[in-house]
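Chemist: Handing you a structure now.
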Amino acid sequence: MKILPVELLREADQFTIENEPIASIDLMERAAARLYDWLLPKITTEQQIHVFCGQGNNGGDGLALSRMLHLKGFQVNAYVVLVATKGSPDFEVNLQRLRDCKIPRLTEIGAHTVFPNIGRNDLLIDCLFGSGLNKPVTGFIAGLIDHMNQSGAVVIAVDLPSGLFADQPSDLKKGHIIRADYTLSFQFPKLAFLLPENDPLVGQWEVLPIGLHAGYIAQARVKNLFVLGNEVRTLLKNRPKFSHKGNYGHALLIAGAAGKSGAAILAAKACLRSGAGLLHVHTPAQAAFPLQAAFPEAMVSVDPSDSIVSKLPKLEPFNAIGIGPGLGMAEATAAILKLLIQTADRPLVLDADALNILSENKTWLSFLPPGSILTPHPREFERLAGKWQNSYERLNLQREFSVRYGVFVVFKGAYSTISTPDGNCWFNSTGNPGMATAGAGDVLTGLITGLMAQSYAPLESALLAVYVHGLAGDLAAEAQGMESLIASDIIDKIGVAFSAIRSQ
């Protein structure tokens, strides 16, 4: 799913109006109807509903929704917040329609108006600005937003919490921004929904399709995309009846050190669960026995060193190479990473200590095989790319890093972000906070390496692995609860996750 910036959202509306064709007021009616359909099962006629409407099209949506609720017997209090002498044309049409249906509680709020009382059990709907805002909120509207936030009522924001910018940083400390419990976005998510500092303001968000023109959506050029299951489904390859393990690649994982065999085991299990045909794990002697005891399906290449990885195995037999889980940062280990970067003739998967070694030897970054995949968590990426003030800066850093070095970066976390050498960013839609647990990243490394061994392209491998990893985590959380979820639980649900994707 594409994430359209605000200017393209406006173009999409206009293109739909001109080419469906549909009158703009009827497109607004369609949007309001979707809001009404979403609300209807969740509200009662005994509940007081407060709809705050600015004088733009977001306010027009609110007026149309107020009319629909009123005509069905709900107790609606509609407020027109006077920010200009006149509203947008569609706002004015819906204001007259609301007056014509004799709604008893239609109130104007201006600079000197006493703000209405809002009870804790009431429902508050924010239709002040949506994505139409182009500057921070000031004046009496800032006070109104603070009043709305302090009410204790459940807050639903339409399109975007008022005061929050969709595509650029907002002043979260000094700004006056609606704190929504739910945000209902039309047709597409907003970039702001996917960044951690905005989560307390956005709450739970959902996308309501309103039938914007498919032709415009198909040709719209965007840099940000949201990964959904139906899109991932198209990436999955079929397995022919007469295939054998040699058809599904031979993966190499360079992982583990004394006391860190668990990371190698987790990555190895996930690698074969991805569908890879064969797997070798190159690991020191102290990690080799635990690995073979815990996971006999993996072949083991034992390093000459007892405790660390100190020598690079022959690379010719392998279709994909992953390095990093439990690796350690010994000087000899750093030397073999450098040698691997210099000699590998295919993209690598780098995680954990491989990234930490790179962060101390940044000149090596320019020599990474094109299309390599790096999977840092926030601190690892900070050590690689530098500090950032907000998530928009981090996103730009990540995008620039991928373009500069010709690599894919999987920035792990909620809505894990995959940046590409062409400057795009893909946000993952699966996963949950229970996955913030030791070893979850090792599982992802194994999945990506296993998919690359099966000749999935680097972007396909990253998109599919991150989605499957998150979905397996969601299935594990349903079974175990988020607090009790461990990395092995994610591995146990990988097969179910693949089956769920295929069945979509």
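Every number here is computed from the coordinates shown, using simple stated rules; none is lab data. Values in this document were obtained by computation on a predicted structure and should not be read as measured data. Cβ placement follows ideal geometry from the backbone for every residue including glycine, while neighbour counts extend to all protein chains displayed.
Chemist: Express the C-alpha Rg of the range 192-335 as a ratio against the empirical globular expectation 2.2 N^0.38 Å, rounded to two decimals.
Modeler: Rg over 2.2 N^0.38 Å, computed on Cα atoms: 1.48.
Chemist: Now, a different point. Along each of the three principal axes of the Cα atoms of the range 154-258, give the extent in whole Å, ordering the values from largest to smallest.
Modeler: 60, 51, 28
Chemist: If I fit a long axis through the Cα atoms of helix 458-480 and take the longest principal axis of the Cα atoms of the chain, what angle between them do I get, 0 to 90°, rounded to 10?
Modeler: The answer is roughly 70 degrees.
Chemist: Across bins of 5 angstrom width beginning at 0, how are the C-alpha pair distances of the range 1-57 distributed, in whole percent?
Modeler: Taking every Cα pair in the range 1-57, the percentages come to 4, 14, 16, 22, 19, 12, 8, 5, 0.
Chemist: Right, next: Normalise the Debye intensity by I(0) for the range 6-221, one equal point scatterer per Cα, no solvent, then take log10 at q = 0.11 Å⁻¹ and round to two decimals.
Modeler: Each listed q maps to, in turn, -0.49.
Chemist: Can you check what the Kirkwood hydrodynamic radius comes to for the chain, Cα pairs only, in Å to one decimal?
Modeler: When all Cα pairs of the chain are included, the Kirkwood radius is 24.9 Å.
Chemist: Could you sort 351-358, 235-242 so that the peptide with the highest average Cβ count within 10 Å comes first and the rest follow in order?
Modeler: The peptides rank, most packed first, as 351-358, 235-242.
Chemist: Still on this structure, I have one more. Using only Cα atoms, tell me the angle between helix 261-273 and the longest principal axis of the chain; keep it within 0 to 90° and round to the nearest 10.
Modeler: Value to nearest ten degrees: 70.
Chemist: Just report the Cα centroid separation between the range 444-483 and the range 256-294, whole Å.
Modeler: Between the Cα centre of the range 444-483 and that of the range 256-294, the gap is 17 Å.
Chemist: Per residue of the range 107-121, in order, report the coupling 6.51 cos²θ - 1.76 cosθ + 1.60 (Karplus, θ = phi - 60°) as ³J(HN,Hα) in whole Hz, putting x for Gly and Pro.
Modeler: Rounded to whole hertz, the list is 10, 8, 10, x, 4, 10, 7, 6, 5, x, 6, 10, x, 5, 8.
Chemist: Next question, about the same structure. Quick one: the Cα spread of the range 13-99 along its three principal axes, in angstroms, biggest first?
Modeler: The Cα atoms of the range 13-99 stretch 41, 30, 16 Å along the principal axes, largest first.
Chemist: Could you tell me which of the pairs LYS237/LYS387; LYS338/LYS387; LYS42/LYS190; LYS311/LYS362; LYS2/LYS241 are separated by over 29 angstrom between their Cα atoms in the structure shown?
Modeler: LYS237/LYS387; LYS2/LYS241
Chemist: Select from the range 321-415 those trypsin sites (Lys or Arg not before Pro) which occupy a DSSP coil region and have at most 11 other Cβ atoms within 10 Å, ordered by residue number. Don't skip to the answer; put the middle values down first.
Modeler: On the way: sites: LYS338, LYS362, ARG379, ARG383, LYS387, ARG394, ARG399, ARG404, LYS412; in loops: LYS387, LYS412.
Here the sparse-neighbourhood loop sites are LYS387.
Chemist: Using Cα atoms only, what is the angle between the long axis of helix 6-19 and the major principal axis of the chain, expressed in degrees (0 to 90) to the nearest 10?
Modeler: It works out to around 70 degrees.
Chemist: If you wrap a convex hull around the Cα atoms of the range 407-501, how much volume per residue is inside, in Å³?
Modeler: Convex hull volume per residue, Cα atoms: 86 Å³.
Chemist: Under the 0.36 nm per residue contour assumption, what length would be gained going from the current alpha-carbon distance of ASP345 and GLU92 to full extension? Write down the numbers at each step before the final one.
Modeler: On the way: separation 253, 0.36 × 253 = 91.08 nm, distance 6.42 nm.
Between ASP345 and GLU92, full extension yields 84.7 nm more.
Chemist: Just to be sure I understand the curve: with the Debye formula and one point per C-alpha of the range 247-502, what is log10 I(q)/I(0) at q = 0.07, 0.09, 0.16 Å⁻¹?
Modeler: Evaluating at q = 0.07, 0.09, 0.16 Å⁻¹ gives log10 I(q)/I(0) of -0.20, -0.34, -1.15.
Chemist: What percent does the relative contact order of the chain come to when contacts are Cα pairs within less than 8 Å and at least six residues apart?
Modeler: Dividing the mean separation by the residue count of the chain yields 12 percent.
Chemist: Roughly what % antiparallel, to the nearest 5, for the DSSP beta bridges in the chain?
Modeler: On the way: 7 of 58 bridges.
Here the share of antiparallel DSSP bridges comes out near 10 percent.
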